[in-house]
Amino acid sequence: MESLLNVQNLVTSFRTADGKLPAVRGVSFSVQEGETLCIVGESGCGKSITTLSVMGLLPDNGEISEGSITFQGEELTHKKEEEMRKHRGNDISMIFQEPMTALNPVFTVGYQMMEPLHLHTKLNKKEKKSRAVELLTQVGLSDAEKVLKKYPHELSGGMRQRVMIAIALACNPSLLIADEPTTALDVTIQAQILDLIDDLKRDLGMGVVMVTHDMGVVAEVADRVMVMYAGHVVETGTVEEIFENPKHPYTKGLLASVPNVDDEEHSLEAIPGSLPNLNEKISGCRFHPRCPFATEKCKEEDPPRFQISNQHQSKCWLHEEATTNESRHEAYS
Amino acid sequence: MADSSALAQKNINTNKQESKKEKMVVQTFKRLVKNKLALFGLVIIVIQVILAAFAPWFATYPPAEQDLVNSELGIGSEGHWLGTDNYGRDVWSRLVFGARVSLLVGIGSVALGLVGGIALGLLSGYFKKLDGVIMRFVDLLFAFPGILLAMLIIAMLGTSLINVVIAISIWSIPTCARIVRGSVLSVKKQEYILAMRSLGASNTRILMKHVLPNCTAPIIVFATMRMATAILSTAALSFLGLGAQPPTAEWGAMIAAGQDFMFTSPHLTIVPGIAIMLVVFAFNVVGDGLRDALDPNMELDQ
């Protein structure tokens, strides 16, 4: 089956004064219809840049230097700006992190709701309005007529995020990209918004790519998880595999740094050190300076991806033997 | 004025969607009026606008009508409360018609300057590639002293009020472009612009419909302040004989004509001088007041 979105070996780099710096270094993933993929990682590991590359909305000095992005079988990387514009907001939509700043303060919610409809459909004013009301009701805002006439500053953060979701859904996209949609919200509102995205995904059959650094969010919504570190995908797997059987030391570190309220004895284990800079040259595995299990080999050679199970992959030398052993087992049987 | 405000009132009632925007205007106006100096300036501007709009009703004589028998009458003379000039023309009537000229030239040149400045500012702020080129061009315009540039343009185009408008508007372009560029640079970094792009909006649409409305406050302030400069420059150019040609009643030209009679009839220079001063002062304080009224941070200390 052909997947909805397929990213192969994506390299996104930025032109800076020090030359070209790759922020995303060969990322591959795919999203099926009706599936939620969570991209997890520390701030600055290339999560957002990956999603912006898919949208074709990289900053002026960024460019996709290698790899391919296919959406519904169409290659996006070579598309002209005009053609990309027809996809954006229509087939592929995006929700942003800060609902406080992602709505234009000088226009009413209604005006902004009609923007995507104006851009991608030929509905007349009345139809647009009824569609806007329908959408706002769909995202759980009661009294939609009233909300349409309000300005963003008159709405609460949760309401604004709902409006953002409604705007993103206006043209029934088949892929929704959510860039930390709940980071700026209260925990209670967070749960509501996540439920909402989940429900809408089921109802509309969308694929969802959710970028987050919150493991709690991942556990709640993800079908599959992709862990990124310093521009690389270090581990991918289904949500059960990642949470119950994390393989990569970085994933283990991430999970260990999630507070556990049930266990009073539990002390948080932070991953020592910090994310390397884009221009830092690190030989071998980019995680080895912070890795408690680093060996000589890690310092010298960049590990390939090792298959652990059908969907579970880890980019760590530790699993070299495991896989080779397993493949040997397979060969024997 | 009264008609238009009544019309605006009607709009509020009929168009509920715009009522919020109207509210914003009313709010700004209320804050502006709280500032005593700005209120004073506003009154002067309103008086000038009324005089200019209904000049034939307020003028007691045609502005160019000569009456050599009654020349050089002083202030408070019978039938000419501001006196007459060396040709016996009524100073009050000329002042009233002069208000019309300076207002029209001011509005015309500011409007033209805004169109050019906003266009350049939007382009250079939004498109990084154009930024360098446009800003160097603007620097070039900045390098000339304003009045010299205006004189240069008039020397090329010939002396007339329309050319004065063009000259002054060209001179307003660089400042306006700089101001708009600054606002665009800060607005375009906002997440809602990225959100608009993620919806598939074209650059033109984003610029005109989303960036520009967020830059209106500094543009309004600039336009008001610039009116003062424009009126002053018109008077200066006319004084130098590059603007209004006789017998057109224009304040700068009136001063120029009156300077030969400074000792015998000082009111010929003083009266139009005061008019210029008051109007320029009024636009400046209103601009200042508007800047405070449109600044959302000011709410805290009120």
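Extension gain, A:E66 to A:D195, is 42.9 nm, computed as 0.36 nm per intervening residue step minus the present C-alpha separation. Measuring between their Cα centroids, the stretch B:232-281 and the stretch A:223-285 lie 78 Å from each other.
The trypsin sites (Lys or Arg not before Pro) of the stretch A:92-197 that meet both conditions, a loop assignment by DSSP and at most 16 other Cβ atoms within 10 Å of the site Cβ, are A:K122, A:K149, A:K150. Straight-line reach from A:K299: taking Cα to Cα under 27 Å and skipping same-chain neighbours fewer than 8 places apart, the lysines in range are A:K20, A:K47, A:K247, A:K252, A:K281, A:K315.
Across the stretch B:217-302, the convex hull enclosing all Cα atoms gives 92 Å³ per residue.
Placing +1 on each Lys and Arg Cβ and -1 on each Asp and Glu Cβ, with no other charges, gives the stretch A:101-239 a dipole about its Cα centre of roughly 820 debye. How far apart, in nanometres, would the label points at A:K299 and A:L204 be if each is projected 7 angstrom from Cα along the Cα-to-Cβ direction? Between A:K299 and A:L204, the label points sit 5.1 nm apart.
Within 10 Å of the Cβ of each residue in A:77-89, the mean number of Cβ atoms contributed by other protein chains is 2.
Compare the peptides A:233-241, B:144-152 by average per-residue count of other Cβ atoms within 10 angstrom and give them in order, highest first. Spell out each step's value before the answer.
Values: A:233-241: 22.1, B:144-152: 16.3.
In decreasing order of mean packing, A:233-241, B:144-152 become A:233-241, B:144-152.
According to the calculation over all Cα-Cα pairs in the stretch A:91-200, the P(r) per 5 Å bin from zero is 2, 13, 25, 26, 21, 9, 2, 0 %. With every protein chain in place and a 1.4 angstrom probe, the accessible-area ranking of A:D262, B:D85, largest first, reads A:D262, B:D85.
Contact order for chain A, expressed relative to its length and based on alpha carbon pairs under 8 Å spaced 6+ residues apart, stands at 19 percent.
For A:T251, B:T229, give me the order by solvent-accessible area with a 1.4 Å probe, most accessible first, ignoring ligands, DNA and RNA.
Working: A:T251 0, B:T229 50 Å².
Solvent-accessible surface, decreasing: B:T229, A:T251.
The orientation-averaged projected area of the convex hull spanned by the Cα atoms of chain B comes to 19.1 nm². When only Cα pairs below 8 angstrom with a gap of at least 6 residues are kept, the stretch A:115-211 shows a relative contact order of 28 percent.
The ratio of the alpha-carbon radius of gyration of the protein assembly as shown to the globular-protein estimate 2.2 N^0.38 Å is 1.32.
With a cut-off of at most 15 other beta carbons within 10 Å, and DSSP calling the residue loop, which trypsin sites (Lys or Arg not before Pro) in the stretch A:25-108 qualify? Please list them. Loop-located and lightly packed - A:K80.
At a Förster radius of 30 Å, what calculated FRET efficiency corresponds to the Cβ-Cβ distance of B:F261 and B:V46, to the nearest 0.05? That gives a FRET efficiency of 0.40.
Where only DSSP H runs of four or more residues are counted, chain B gives -23500 deg cm²/dmol as its mean residue ellipticity at 222 nm, each run worth -39500 (n - 2.57).
I'd like the orientation of helix A:157-169 relative to chain A: the angle between its Cα long axis and the longest Cα principal axis, in ° from 0 to 90, rounded to 10. Compared with the principal axis, the helix lies near 90 degrees.
Treating r as the C-beta distance of B:D67 and B:I274 and R0 as 25 Å, the FRET efficiency rounds to 0.60. Of all stretches in chain B that contain no GluC sites (Glu not before Pro) in a DSSP loop with at most 15 other Cβ atoms within 10 Å, the longest one is B:79-302.
What is the extension gain from A:K150 to A:E83, computed as 0.36 nm multiplied by their sequence separation minus the C-alpha to C-alpha distance, in nm to one decimal?
20.8 nm
Highest mobility in the GNM of chain B, judged by mean-square fluctuation with C-alpha springs under 10 Å and restricted to B:F137, B:F263, B:F281, is found for B:F263. Based on Cα contacts under 8 Å between residues 6+ apart, the stretch A:61-152 shows a relative contact order of 28 percent.
Debye-formula intensities of the stretch A:191-239, expressed as log10 I(q)/I(0) at q = 0.22, 0.31 Å⁻¹, are -0.84, -1.28 (one equal scatterer per alpha-carbon, no solvent).
Compared with the dominant Cα axis of chain B, that is its longest principal axis, helix B:267-294 is turned about 20°. Mean partner shielding of peptide A:104-112, defined as the number of other chain Cβ atoms within 10 Å of each residue Cβ, is 5.
The share of accessible area on chain B that comes from carbon and sulfur is 68 percent, using a 1.4 angstrom probe.
With each label modelled as a point 7 angstrom along the Cα→C-beta vector, the B:L39-A:S309 pair spans 7.7 nm.
If you take the accessible area of A alone, add that of B alone, and subtract the area of the pair, what total do you get in Å², probe 1.4 Å, to the nearest 100?
Separately minus together, A and B give about 2400 Å² buried.
Shown for the stretch B:38-181 is the translational diffusion coefficient from the Stokes-Einstein equation, using the Kirkwood radius over Cα pairs, a temperature of 4 °C and a viscosity of 1.567 mPa s: 73 µm²/s. If both residues of a DSSP beta bridge must be in the protein assembly as shown, then about 65% of such bridges are antiparallel.
Averaging the Cα positions of each part gives two centres, and for the stretch A:65-110 and the stretch A:160-216 these lie 15 Å apart. Taking all protein chains as they are arranged and a probe of 1.4 Å, the heavy atoms of B:D260 leave approximately 130 Å² accessible to solvent.
Viscosity 1.306 mPa s, temperature 10 °C: give me the Stokes-Einstein translational D for chain A in µm²/s, with Rh taken as the Kirkwood radius over C-alpha pairs. For the chosen part, D equals 75 µm²/s. For chain B, take the longest principal axis of its alpha carbons; what is the angle in degrees between that and the long axis of helix B:36-53, to the nearest 10 within 0 to 90? With rounding to tens, the tilt is 60 degrees.
The values are calculated or read from the model by the stated rules, or taken from the named source; none is laboratory data. Everything quoted here is computed from the prediction, not taken from an experiment. No Cβ is skipped: glycine too gets one built from the backbone with ideal geometry, and neighbour counts run over all protein chains shown. Areas reflect the complete protein model, heavy atoms only, side chains present, ligands, DNA and RNA absent. Shrake-Rupley method; radii C 1.70, N 1.55, O 1.52, S 1.80 Å.
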